[in-house]
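Have a look at the structure below before the remarks.
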Amino acid sequence: MTDKSTALSWRNYYELCKPRVVALIVFTAIVGMLLAVPGWPPFANFCYGTLGIALAASSAAAINHFIDQKADAEMARTQHRPLPKGELSSRQVLIFASLIGAIAMAMLVVKVNVLTAFLTFLSLIGYAVIYTVYLKRMTPQNIVIGGIAGAAPPLLGWTTMTGEIHPHALLLVLIIFVWTPPHFWALAIARRDEYAKVEIPMLPVTHGVEFTRLQILLYTILLLITTLLPYLTGMSGLIYLLTAVLSGLGFLYYAVQMMRKKDNKTAMRTFGYSIIYLMLIFAALLIDHYFPLSLI
């Protein structure tokens, strides 16, 4: 195998892992780890937990590639993925996904704790199997019901450090859970024709774009309220509160713009902002944790 073909092969495996998605997952998991302890976390737990969660998320992403390969081949957004292009075989993808998934579980069990490994496994199965195989093609509420799997990373990070489920960790899960529908439905509006083509019943396909825009607006209002809970429960302070309110109003602005402009460009801008928004929220939680601001 030439150097060029070797590099191409590694790029294909790297793409199977959905690195941008996994990066956001790992970021929220790391925030969960750091919020779980008063100072700096134990280095070994931090490293093994981060790597184990990243590998598990990558395994779930690769399984998603395998299951969705036929639909991916028909959608412009995904037709250049390794499986539709024939650069990897189904067997190669399954072996890769199984291998990194097994490594992730073994690492979490041996080096972290059984609770984190168990919750990570449930999250992997929830996304790769329950959501991708069943929910995605069963109901337009697929992303709402299946969103709990994608919302788990900060809880996984928290249990990595403490070995227990804490109410503050569940608040972090709740924020991502409420964030997921307006985030993904904005993309679904822009790509609704492709979803309709492959008969995936995303909300704008089954209930129309206007209804979906309204749902995005309502969920964004709910999200703004939800993000106040860490401050109201004493989990975070003023830095977080200011960030949550200002960035939440920004998200609300985009949701209102979608109601007004009704074009795909605005939908994609909303989708892009939603990613920045989540990063801002979790970064503010982290800053507030280590550098709290006092009115005194």
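Being of a type in the set (A, V, I, L, M, F, W, C), open to solvent by 10 Å² or more (accessible area, probe 1.4 Å) and assigned to a loop (DSSP other than H, G, I, E, B) holds for only one residue in Val26, Val21, Val37, and it is Val37. None of Leu293, Leu242, Leu286 is over 24 Å from Arg77 (Cα atoms), outside any helix (DSSP H, G or I) and aliphatic (A, V, I, L, M) except Leu293. Taken together, the residues in region 143-162 that are crowded, with 21+ Cβ neighbours inside 10 Å and polar (S, T, N, Q) amount to 2. Answer yes if at least one residue in region 92-102 is assigned to a helix (DSSP H, G or I), among the small types (Gly, Ala, Ser), open to solvent by 40 Å² or more (accessible area, probe 1.4 Å) and touching a residue at least 24 places away in the same chain (Cβ under 8 Å), and no otherwise. Yes: region 92-102 contains one or more residues that are assigned to a helix (DSSP H, G or I), among the small types (Gly, Ala, Ser), open to solvent by 40 Å² or more (accessible area, probe 1.4 Å) and touching a residue at least 24 places away in the same chain (Cβ under 8 Å). Looking at the structure I just gave you, is Lys111 in contact with a helix residue (DSSP H, G or I) (Cβ under 6 Å, 6 or more places away or on another chain), of a type in the set (Lys, Arg), in a helix (DSSP H, G or I) and at pLDDT 95 or above? Answer is yes for this residue. Out of region 245-267, which residues are in contact (Cβ under 8 Å) with a residue 60 or more places away in the chain and open to solvent by less than 60 Å² (accessible area, probe 1.4 Å)? Once the filter is applied, which keeps residues that are in contact (Cβ under 8 Å) with a residue 60 or more places away in the chain and open to solvent by less than 60 Å² (accessible area, probe 1.4 Å), region 245-267 yields Phe251, Ala255, Met258, Ala267. If you go through region 175-196 and keep only what is out of contact with any helix residue (DSSP H, G or I) (no Cβ under 6 Å at 6 or more places or on another chain) and open to solvent by 20 Å² or more (accessible area, probe 1.4 Å), you end up with Arg191, Asp193, Glu194.
When region 197-215 is filtered for residues that are open to solvent by 60 Å² or more (accessible area, probe 1.4 Å) and of a type outside the set (Ser, Thr, Tyr), the ones remaining, listed by number, are Lys197, Glu199, His207, Glu210, Phe211, Leu214. Quick test for you: out of Gly49, Gly39, Gly32, pick the one residue that is at negative phi and under 15 Å from the mean Cα position of the chain (by Cα). Criteria check complete, one pass: Gly32.
Taking (1) open to solvent by 30 Å² or more (accessible area, probe 1.4 Å); (2) without any contact (Cβ under 8 Å) to a residue 24 or more places away in the chain; (3) farther than 19 Å from Pro140 by Cβ in turn, Leu218 satisfies each apart from (3).
The values are calculated or read from the model by the stated rules, or taken from the named source; none is laboratory data. From a predicted model like this one, the values you see are computed outputs, not experimental measurements. Cβ coordinates were reconstructed from backbone atoms using ideal geometry, including for glycine residues, and neighbour counts include every protein chain displayed. Surface accessibility is based on the protein's heavy atoms, side chains included, excluding ligands, DNA and RNA. Shrake-Rupley method; radii C 1.70, N 1.55, O 1.52, S 1.80 Å.
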